[in-house]
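Written out below as structure tokens is the structure these notes cover.
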Amino acid sequence: MNIADYKDIYVFCEVKDGKIHDSSLELLGEASRLVNNRPSLGYKVVGLIIGNYDEHLIDDIGYFGADKVIYLKNEGINHYSTEIFTSLFMDVINNDKPDIILVPATVLGRDLAPRVAARCDTGLTADATKLDFDPENLESPLLYVTRPAFGGNLFGTIINETKRPQMTTIRPGVMEKLKKHTGRQFIKDIRNVDISTIKDSVKVLEVLQKDHMAVDITKADIIVSGGRGIGDNFHILEECAKMMGAEVGASRGAVDKGYIKKDHQVGQTGKTVRPKVYIACGISGAVQHLAGMEKSDYIIAINKDPEAAIFGVANIGFVGDALEILPLITEEIKRYRERPF
Amino acid sequence: MNILVLLKQVPDTTEMQIDKETGTLIRAGVPTITNPDDLAGMEMALRLKDSYGANVTCITMGPPQARNMLRELYSMGADNCVLLSDMKFSGADTWATSNTLAAYIKTVDYDLIIAGRQAIDGDTAQVGPQTAEKLNLPQVTYVDDIIDISKERIIVKKALENNYEIIESSLPCVITTLSTAAKPRYMTVKGISDAFTKEIKQVSFDDLEIDPTIIGLKGSPTKVKKTFTKEVHKNSDVLHLDGKTSARKIVETLLDLNFIGK
């Protein structure tokens, strides 16, 4: 393997509900930032998309930062398949020789990326939260990939000096996407691919919706979040959240104890959120939790323990019992809403 | 039916503390547990054994103390336990780990391989799919339930971000399971006493046909350049007020931020 033959940053673009998923757009933004920070490499941002889609979807990849879009097109691909996507991805790796491949760490990305990395016998770093080129050698294309481990208690910076491509999956919600710019020029490379020789022994029989109570807290402007100390009293958070027009979040401890469903979990093993206001109630602030919420615009913490780590990341903290304070907040807002003037 | 379950002994990351003086992880005294996603996989294997009859073999790669975990798995109902342990295997990244696991698995008979989705120490979710790739097997990841199984195929329920898929795969295949998929059973008293009479098969480098350059720390393409713990900045006002004043102050803050509609 001649490492110097490999170039550019490739972003695997995932389509969800007829759109390029945000997690992929974020990676296009991050890839643009990386190539702009090291112009001496002359690297381009290449978006890779596999399937059968409308042209406007392909355009979005360019509008959000790709210099080139490789579209592997086959009308027979109407659903993700590990084997078909891996085989087609491998053809691109063999043919185009990407130096860096970024894949969103979604359920799909975490199914596909390890398979591709193992097939081409390269290294793969999972769930990265920070990317940089080698800070010690300003000409180097070596990627420094930082990721949390041990439940967010420890961070590691990982490198792959011996194999190419350098592959990593990246946690959704961490990188920033660029503003959509419809005037952007980019190259469209549409390849009609053959899948008739690929053996696919897995098929999707049915798609089921989760019960309609499932929530997406990542879209909320305000999150009222509770820890293990809330116990069976999450209804108190829910009432308060409802009054504010907020969603309810939770720490891993509260979810593990079964006080609230997993959909609500914020943190390293839950969701990464960055709402405008995050209200942490009875959450001690384990590193694993902080990893998922510390980028919130404004953090309010309520905890009985004045030494709780959550106060370290909060903009304002209140030492007290959340179960006492929350109903008072609900009352206060209600009174405010019903004021006569 | 022969089922292989891949498991890992991990530190209980919820119990981990950081040494505030040195900024490093305090590992001493942190209890080890069987990785939760793997334990759900084990339970699913045992349920298949209960329903259809199956031979359940637990396989782990790790240091000698992983024998404790394997004893517990015997107590739950495993038929065989295998420990891949050698200094040459240690320090492996997910690719090198998968090469090692696959080299052993190629020597045994199986119909289904169950692995936990991810381990709580590394959270990579890569070893299951990479082992599947090295064995050239189909995979279904994020499995929440096994719906049906026959000689040639398995039907499972896969959990995605916002929905589920019912997926059929031919056998043999690899499935990776979520911790929520099945609540692991307790060890039985008889199981515990029997566990000590059962043999844990030990496999070392010399027992495997494997290229020494694709295993362990040396064979791993990814290297840890550095590790660090996060410094937490103390930047907030922490107020000691009575409940009512706290509530009023929080509402005022939300009003200031324009977060409560008029």
Of the residues in the range B:156-184 that are at pLDDT 95 or above and within 7 Å of chain A (Cβ to nearest Cβ), the one that is surrounded by the fewest Cβ atoms within 10 Å (Cβ to Cβ) is B:S170
When you go through (1) surrounded by fewer than 21 Cβ atoms within 10 Å (Cβ to Cβ); (2) over 30 Å from A:S140 (Cα atoms) one by one for A:T82, which number turns out not to apply? (1)
For the condition surrounded by fewer than 21 Cβ atoms within 10 Å (Cβ to Cβ), at the interface with chain B (Cβ under 9 Å from one of its Cβ atoms) and modelled with pLDDT under 90, what is the one hit in A:D321, A:D297? A:D297
Would you check which residues across the range A:324-341 are more than 9 Å from chain B (Cβ to nearest Cβ) and in contact (Cβ under 8 Å) with a residue 40 or more places away in the chain and list them? A:K334
Of (1) open to solvent by 40 Å² or more (accessible area, probe 1.4 Å); (2) closer than 30 Å to A:T82 by Cβ; (3) more than 14 Å from chain B (Cβ to nearest Cβ); (4) in contact with a Gly (Cβ under 6 Å, 6 or more places away or on another chain), A:R184 fails just (2)
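What number of residues in the range B:122-134 are in contact (Cβ under 8 Å) with a residue 60 or more places away in the chain and open to solvent by 20 Å² or more (accessible area, probe 1.4 Å)? So that I can check it myself, show each step before the final result.
Taking the range B:122-134 first, the residues in contact (Cβ under 8 Å) with a residue 60 or more places away in the chain are B:127-128, B:131.
Among the residues that remain, those that are also open to solvent by 20 Å² or more (accessible area, probe 1.4 Å) are: B:127.
Of the residues in that region, 1 qualify.
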Of all residues being among the aliphatic types (A, V, I, L, M) and crowded, with 17+ Cβ neighbours inside 10 Å in the range A:203-235, which is farthest from B:D144 (Cα to Cα)? Just the residue, please. A:I222
A:A118 closer than 21 Å to A:I50 by Cβ and without any contact (Cβ under 8 Å) to a residue 12 or more places away in the chain: yes
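Can you pull out the residues in the range A:133-151 that are in contact (Cβ under 8 Å) with a residue 40 or more places away in the chain and open to solvent by 10 Å² or more (accessible area, probe 1.4 Å)? It would help to see each step written out before you state the result.
Just the residues of the range A:133-151 that are in contact (Cβ under 8 Å) with a residue 40 or more places away in the chain, to begin with: A:133, A:138-139, A:141, A:143, A:148, A:151.
Answer for the range A:133-151, where residues must be in contact (Cβ under 8 Å) with a residue 40 or more places away in the chain and open to solvent by 10 Å² or more (accessible area, probe 1.4 Å): A:F133, A:L138, A:E139, A:P141.
Determine which member of the set A:V215, A:V255, A:V207, A:V202 is among the β-branched types (V, I, T), in contact with a Lys or Arg (Cβ under 7 Å, 6 or more places away or on another chain), within 12 Å of another protein chain (Cβ to nearest Cβ) and on the phi < 0 side of the Ramachandran plot. Steps first, answer last, please.
On the way: A:V215 fails: in contact with a Lys or Arg (Cβ under 7 Å, 6 or more places away or on another chain); A:V207 fails: in contact with a Lys or Arg (Cβ under 7 Å, 6 or more places away or on another chain); A:V202 fails: in contact with a Lys or Arg (Cβ under 7 Å, 6 or more places away or on another chain).
One residue alone meets the criteria, A:V255.
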Selection from the range B:106-119 of residues open to solvent by 20 Å² or more (accessible area, probe 1.4 Å) and of a type in the set (V, I, T) yields B:T107, B:V108
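Has the range A:114-126 got any residue that is assigned to a helix (DSSP H, G or I) and within 28 Å of B:T229 (Cβ to Cβ)? Outline the logic, then answer.
Keep residues of the range A:114-126 that are assigned to a helix (DSSP H, G or I), which gives A:114-119.
Add one more test, that the residue is within 28 Å of B:T229 (Cβ to Cβ), and what stays is A:114, A:117.
For the range A:114-126, residues assigned to a helix (DSSP H, G or I) and within 28 Å of B:T229 (Cβ to Cβ): present.
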Do we find a residue being open to solvent by less than 60 Å² (accessible area, probe 1.4 Å), part of a loop (DSSP other than H, G, I, E, B) and among the polar types (S, T, N, Q) anywhere in the range B:213-228? yes
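The values are calculated or read from the model by the stated rules, or taken from the named source; none is laboratory data. Remember, it's a predicted structure, so these values are computed and weren't measured experimentally. So basically every Cβ, Gly included, is an ideal-geometry build from the backbone, and we count neighbours across all protein chains shown. Accessible surface areas use protein heavy atoms only, side chains included; no ligands, DNA or RNA. Shrake-Rupley method; radii C 1.70, N 1.55, O 1.52, S 1.80 Å.
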